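Engineer: Take a look at this one; I'll ask things after.
The values are calculated or read from the model by the stated rules, or taken from the named source; none is laboratory data. Just so we're clear, the structure is a prediction, and the values are computed from it rather than from any experiment. No Cβ is skipped: glycine too gets one built from the backbone with ideal geometry, and neighbour counts run over all protein chains shown. Heavy atoms of the whole protein, side chains included, go into the accessibility calculation; ligands, DNA and RNA do not. Shrake-Rupley method; radii C 1.70, N 1.55, O 1.52, S 1.80 Å.
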Amino acid sequence: MCGIVAYVGNREAAPLILKGLKRLEYRGYDSAGIALLNGDGLKIYKKKGKVADLEALIADKVLHATIGIGHTRWATHGEPNDVNAHPHYSFGKRLAIIHNGIIENYSTIKQSLIKKGYEFQSQTDTEVLVNFIEDIQKNKNCSTEEAVRLALQEVVGAYAIVVMDAETPGQLVAARKGSPLVIGVGENEFFFASDATPIIEYTKDVVYLNDYEIAVVNDEGLNIKNLENQEKDPFIQTVELELEAIEKGGYDHFMLKEIFEQPRSIADCMRGRLNADEALILLGGLRNHIDKLAKAKRIVFVACGTSWHAGLVGEYLFEELARINVEVEYASEFRYRNPIIKEGDFIIAISQSGETADTLAALELAKSKGAVILGVCNVVGSSISRITDAGVYTHAGPEIGVASTKAFTAQVTVLTLMAIATAKAKGTINEDTFRRLLFEMAAIPQKVEQILQKAEEIKDISKLFTFASNFIFLGRGLNFPVALEGALKLKEISYIHAEGYPAAEMKHGPIALIDEDMPVVFIATKDSSYEKVVSNIQEVKARKGRVIAIVSEGDVDVKKMVDFAIEIPNTHEILMPLLTVVPLQLLSYYIAVMRGRNVDQPRNLAKSVTVE
Ligand code: G6P
């Protein structure tokens with residue numbers, strides 16, 4: 001949520017920062033801005049809208065500067081407009097700040113500053129923070145670094161900030177608590193960004209700033225201290241991320257590229273972990289935990305959004321295969337409920353970004369109550385992956401489309417591997433089932449590829465539903481979470497109201513909505529609930545609903561009943577979600593494109609939700 005880019009070195013800062021902001025636009029895109037410092041002083045340019053609008057605003061300006069800070073915003077305090085956009089000047093215009101996060105006690109600080117004569121241009125908490133820093137700097141006659149440090153000791157909330165001081169050209173001061181911040185370390189140049197994507201074009205050497213740390217970069221280099229003013233050794237790591245992974249590669253949208261990457265991303269996720277020929281699952285990150293997991297009394301998955309749906313799939317998997325009691329919690333509910341956590345409980349966070357504020361806080365709470373906390377994350381080095389006791393990376397590669405696709409299938413792949421490995425360790429599945437599951441899993445990427453070959457067919461079906469106002473998605477068992485995910489995808493990117501339900505639950509409410517205008521998507525693959533789903537389809541058809549069904553290859557019965565059927569390959573029942581979700585992703589994508597939506601950056605959403 002909100003993207004931060006800052007640069008100091010010898011290059012032209014403006015084009016570099018704008019390019020970086022475009023790479024981070026998935027984090028927020030309601031307004032953008034840039035502050036540059038040169039011999040003419042400190043200047044801020046900002047604009048409601050996308051980074052492209054900011055680019056147009058500054059197109060005719062001479063912006064020579066080798067130091068600057070930039071921001072792309074997802075509004076929290078104050079509507080998205082030019083004034084509320086970042087960067088913000090301090091009252092005396094000496095400082096400029098960019099901020100990702102929320103200052104919870106901004107109102108009290110603001111009142112005390114108003115009493116001292118400070119005036120505010122915007123409604124943001126960020127402008128309060130920069131004035132607070134300036135006020136301390138004036139009163140104590142101290143350095144920017146010191147003023148930032150003292151200010152942050154008073155601040156309640158979450159932040160990643162970068163501050164530029166007109167009186168200290170060549171220096172940037174940054175800090176973090178709760179919101180991510182990566183420092184790129186080049187030759188006589190430094191970069192700050194919310195993730196590594198704006199940096200890797202210039203350097204692969206990065207430092208992930210930790211909570212409560214302040215970084216200062218200037219011609220003396222990089223210096224990190226904590227809020228208590230103790231020096232910290234910067235831990236420089238090499239990011240293994242190639243530029244092509246964060247570009248569209250010829251696809252119209254990142255989302256389409258990411259849907260089509262799934263055969264590869266699922267294979268990458270299993271690489272080195274699954275060996276069907278030798279009947280082995282090796283999850284390096286959980287080497288010392290699988291046996292303990294096998295003895296777990298209870299597993300609690302905590303997650304948000306699509307990752308929560310992956311958790312629901314995980315619930316079925318662990319219960320079915322490993323016979324472990326599982327609960328799946330919205331992280332935001334779990335953290336505020338004084339949850340009961342007992343010895344032998346495992347709390348597992350699922351998060352693509354590894355930065356979602358609620359998921360992170362839920363984990364911290366569980367940790368404070370003595371639970372073993374594990375993580376299933378996509379972003380290497382993310383906050384969740386760093387605070388967990390152990391975990392498994394999903395290795396799906398960067399996911400840039402706001403609506404999650406390949407991260408979901410990678411999460412489900414990891415959870416499936418974990419559940420099978422745990423079941424094997426616990427002895428709740430026999431050797432035959434174990435081997436069969438491994439072979440079936442190894443075949444999944446190729447089966448996903450087969451489904452993707454039906455993209456044109458799915459596009460043709462989508463055309464007929466472009467102007468629907470509502471949709472219902474129904475499935476049973478492991479396909480119930482997939483129905484939820486199908487509905488969420490459609491809602492997120494097309495703005496069509498959509499609901500996912502367990503197919504049997506339809507009779508307890510949603511059936512009242514069904515008429516000839518209501519499209520109903522059924523996941524009706526050949527599994528243990530097939531016959532029951534068939535009855536549910538009949539109930540919908542009897543009320544003239546229009547049915548699209550995801551069916552197993554060779555299905556005859558459902559195909560006769562429904563308006564449209566999309567055939568997918570067969571696999572073991574527990575692996576079905578990895579296949580059934582793919583046509584739903586494509587359906588949502590094509591409907592949204594046909595409605596003219598911005599599928600990669602749907603309104604009001606952000607990819608990485610770093611505020612609660
Ligand atoms: C946001 C994104 C969703 C994502 C959710 C959880 O709402 O738009 O796509 O599923 O956050 O994010 P996480 O990074 O924790 O998986």
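Engineer: Answer yes if at least one residue in segment 18-37 is surrounded by fewer than 24 Cβ atoms within 10 Å (Cβ to Cβ) and of a type in the set (A, V, I, L, M, F, W, C), and no otherwise.
Structural biologist: yes
Engineer: So, in segment 351-370, how many residues would count as being free of Cβ contacts under 8 Å to residues at least 60 places away in the same chain and more than 9 Å from the ligand (Cβ to nearest atom)?
Structural biologist: Number satisfying all stated conditions: 6.
Engineer: Could you check segment 56-70 and list, in sequence order, the residues that are within 24 Å of Gly170 (Cα to Cα) and more than 25 Å from the chain's Cα centre (by Cα)?
Structural biologist: Of everything in segment 56-70, those that are within 24 Å of Gly170 (Cα to Cα) and more than 25 Å from the chain's Cα centre (by Cα) turn out to be Ile58, Lys61, Val62, Leu63, His64, Ala65, Thr66, Ile67, Gly68.
Engineer: Please go through segment 413-469 and give me each residue that is outside any helix (DSSP H, G or I) and more than 25 Å from Glu319 (Cα to Cα), ordered by number.
Structural biologist: Gln453, Lys454, Leu464, Phe465, Thr466, Phe467, Ala468, Ser469
Engineer: A follow-up question, please. Please pick out the residue among Ile348, Ile384 that is within 16 Å of the ligand (Cβ to nearest atom) and part of a strand (DSSP E or B).
Structural biologist: Checking each option against the conditions leaves just Ile348.
Engineer: Scan segment 486-499 and tell me whether some residue there is of a type in the set (Ser, Thr, Tyr) and within 19 Å of Val328 (Cβ to Cβ).
Structural biologist: no
Engineer: Return a yes/no flag: does segment 478-491 have any residue that is buried (at least 22 other Cβ atoms within 10 Å of the Cβ), in the same structural domain as Lys607 (by TED's automatic domain parsing) and not in a helix (DSSP H, G or I).
Structural biologist: Taking every residue of segment 478-491 in turn, at least one turns out to be buried (at least 22 other Cβ atoms within 10 Å of the Cβ), in the same structural domain as Lys607 (by TED's automatic domain parsing) and not in a helix (DSSP H, G or I).
Residues checked against (1) more than 28 Å from Asn604 (Cα to Cα); (2) touching a Cys at 6+ places or on another chain (Cβ under 8 Å):
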| residue | (1), (2) |
| --- | --- |
| Leu312 | no, no |
| Arg323 | yes, no |
| Ala331 | no, yes |
| Val372 | yes, no |
| His395 | no, yes |
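Engineer: Sort through Glu364, Glu315 and tell me the only one that's open to solvent by 20 Å² or more (accessible area, probe 1.4 Å), part of a helix (DSSP H, G or I) and out of contact with any strand residue (DSSP E or B) (no Cβ under 6 Å at 6 or more places or on another chain).
Structural biologist: It is Glu364.
Engineer: Scan segment 276-285 and give yes if some residue there is under 23 Å from the mean Cα position of the chain (by Cα), part of a strand (DSSP E or B) and either closer than 30 Å to Ile69 by Cα or not polar (S, T, N, Q) (or both), otherwise no.
Structural biologist: No: zero hits.
Engineer: Ok, one more. Please identify the pairs in which a residue from segment 400-412 that is within 14 Å of Val448 (Cα to Cα) has its Cβ atom under 7 Å from the Cβ atom of a residue that is near the ligand (Cβ under 8 Å from one of its atoms) and assigned to a loop (DSSP other than H, G, I, E, B), counting only partners at least 6 apart or on another chain.
Structural biologist: Going by the 7 Å Cβ cut-off, the qualifying pairs are Ala410/Asn378.
Engineer: Right, another one. Do we have any residue at all in segment 405-418 that's within 13 Å of the ligand (Cβ to nearest atom), within 11 Å of the chain's Cα centre (by Cα) and surrounded by fewer than 24 Cβ atoms within 10 Å (Cβ to Cβ)?
Structural biologist: No: segment 405-418 contains no residue that is within 13 Å of the ligand (Cβ to nearest atom), within 11 Å of the chain's Cα centre (by Cα) and surrounded by fewer than 24 Cβ atoms within 10 Å (Cβ to Cβ).
Engineer: Could you count how many residues in segment 71-96 are surrounded by fewer than 24 Cβ atoms within 10 Å (Cβ to Cβ), under 23 Å from the mean Cα position of the chain (by Cα) and of a type in the set (Ser, Thr, Tyr)?
Structural biologist: 1
Engineer: Out of (1) under 19 Å from Ala310 (Cα atoms); (2) within 23 Å of the chain's Cα centre (by Cα), the odd one out for His497 is which?
Structural biologist: (1)
Engineer: Can you pull out every residue in segment 230-278 that is under 24 Å from Gly391 (Cα atoms), exposed (fewer than 12 other Cβ atoms within 10 Å of the Cβ) and either of a type in the set (Ser, Thr, Tyr) or out of contact with any strand residue (DSSP E or B) (no Cβ under 9 Å at 6 or more places or on another chain) (or both)?
Structural biologist: Passing the criteria: Thr238, Glu240, Arg271, Gly272, Glu278.
Engineer: Could I ask something else about it? Among residues belonging to segment 448-475 that are closer than 13 Å to Val593 by Cα and not hydrophobic (A, V, I, L, M, F, W, C), point out the one that is surrounded by the most Cβ atoms within 10 Å (Cβ to Cβ).
Structural biologist: Ser462
Engineer: May I pose another question? Are there any strands (runs of 3 or more DSSP E) wholly within segment 159-230 with 3 or more residues that are of a type in the set (Val, Ile, Thr) and not assigned by TED's automatic domain parsing to the domain that holds Gln352, and if so which?
Structural biologist: 182-185, 213-218
Residues checked against (1) more than 17 Å from Leu293 (Cβ to Cβ); (2) within 13 Å of the ligand (Cβ to nearest atom):
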| residue | (1), (2) |
| --- | --- |
| Glu399 | yes, yes |
| Ala403 | yes, yes |
| Ile429 | no, no |
| Phe434 | no, no |
| Val448 | yes, no |
| Ile451 | yes, no |
| Ala455 | yes, no |
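Engineer: Just one of Thr394, Thr422 is touching a residue at least 12 places away in the same chain (Cβ under 8 Å), within 16 Å of the ligand (Cβ to nearest atom) and crowded, with 24+ Cβ neighbours inside 10 Å; which is it?
Structural biologist: The match here is Thr394.
Engineer: Going by what's in this entry, would Arg323 be described as surrounded by fewer than 21 Cβ atoms within 10 Å (Cβ to Cβ), at pLDDT 95 or above, away from the ligand (no atom under 14 Å from the Cβ) and over 30 Å from Asp195 (Cα atoms)?
Structural biologist: Yes: the conditions hold for Arg323.
Engineer: Which is without any contact (Cβ under 8 Å) to a residue 60 or more places away in the chain and in contact with an Asp or Glu (Cβ under 9 Å, 6 or more places away or on another chain), of Glu553, Glu573?
Structural biologist: Answer to the check: Glu553.
Engineer: Among the residues of segment 43-55, which ones are hydrophobic (A, V, I, L, M, F, W, C) and open to solvent by 20 Å² or more (accessible area, probe 1.4 Å)?
Structural biologist: Ile44, Ala52
Engineer: In segment 1-15, which residues are closer than 12 Å to Gly70 by Cβ and touching a residue at least 60 places away in the same chain (Cβ under 8 Å)?
Structural biologist: Listed by number, the residues that qualify are Cys2, Gly3, Ile4, Val5, Ala6, Tyr7.
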